[in-house]
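> Quick one: the structure is below, questions incoming.
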Amino acid sequence: MVLVYEPLWALNTGTIASADQTQEAAEFIRGWVRTNIGAPQADVVRIVYGGAVTETNADKLIELPDLDGFMIGSTSTKPIFRTIFDVVSGHVQNQ
């Protein structure tokens with residue numbers, strides 16, 4: 001199961017959720033799954049951030065304990081996507 005989270009208040013506003021806000025939401029989602037569906041499912045659910053991901057926040061987002069990744073929208077068509085890719089790739093290689 002994969003759940004995607006994007007703050008409603010950030011949709012099409014250009015406002016970016018902080019890493020702390022994103023972790024708080026992901027932790028809440030995982031807790032909700034644990035309480036309402038079950039602990040085994042909460043342990044395996046993948047929570048993905050669907051808000052704005054940039055070269056300045058990718059390194060913080062990828063480190064969040066309850067976030068399993070993120071979706072990259074229009075930024076994936078821009079050269080800066082390579083920087084984000086490298087941040088994630090470096091994180092995966094260091095695990």
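The values are calculated or read from the model by the stated rules, or taken from the named source; none is laboratory data. Source: prediction; values computed, not measured. All Cβ positions, even for glycine, are placed from backbone atoms using ideal geometry, and neighbour counts span all protein chains on display. Each accessible area value is taken on the protein alone, full model and side chains, heavy atoms only, with ligands, DNA and RNA left out. Shrake-Rupley method; radii C 1.70, N 1.55, O 1.52, S 1.80 Å.
> Among the candidates ALA52, ALA17, ALA25, single out the residue that is under 25 Å from ILE80 (Cβ atoms) and modelled with pLDDT of 95 or more.
When all the criteria are applied, what remains is ALA25.
> Quick check on my filter: what residues within the range 64-91 are open to solvent by less than 70 Å² (accessible area, probe 1.4 Å), at pLDDT below 90 and part of a loop (DSSP other than H, G, I, E, B)?
Scanning the range 64-91 gives ILE72, GLY73, ILE80.
> Look through ASN36, ASN57 and report the one residue that is in contact with a helix residue (DSSP H, G or I) (Cβ under 9 Å, 6 or more places away or on another chain) and not aliphatic (A, V, I, L, M).
ASN57
> Those residues that are touching a Lys or Arg at 6+ places or on another chain (Cβ under 8 Å) and closer than 22 Å to TRP9 by Cβ, I need them from the range 51-68; list them, please.
ASP66
> If you go through the range 53-63 one residue at a time, do you hit one that is of a type in the set (Val, Ile, Thr), under 21 Å from LEU3 (Cα atoms) and touching a Gly at 6+ places or on another chain (Cβ under 9 Å)?
yes
> Given the options ALA17, ALA26, name the one that is in a helix (DSSP H, G or I), on the phi < 0 side of the Ramachandran plot and open to solvent by less than 30 Å² (accessible area, probe 1.4 Å).
Sole residue among the options that is in a helix (DSSP H, G or I), on the phi < 0 side of the Ramachandran plot and open to solvent by less than 30 Å² (accessible area, probe 1.4 Å): ALA26.
> Based on what the data block shows, is VAL33 of a type outside the set (Asp, Glu) and modelled with pLDDT of 95 or more?
In short, yes.
> Right, next: Can you name the residue in the range 29-53 that is assigned to a loop (DSSP other than H, G, I, E, B) and open to solvent by 30 Å² or more (accessible area, probe 1.4 Å) and is also nearest to GLN95 (Cα to Cα) among such residues?
The extreme case among them is ALA52.
> For the range 1-14, which positions are closer than 16 Å to ALA42 by Cβ and open to solvent by less than 50 Å² (accessible area, probe 1.4 Å)?
Within the range 1-14, the subset closer than 16 Å to ALA42 by Cβ is 1-3, 5.
The one that is closer than 16 Å to ALA42 by Cβ and open to solvent by less than 50 Å² (accessible area, probe 1.4 Å): TYR5.
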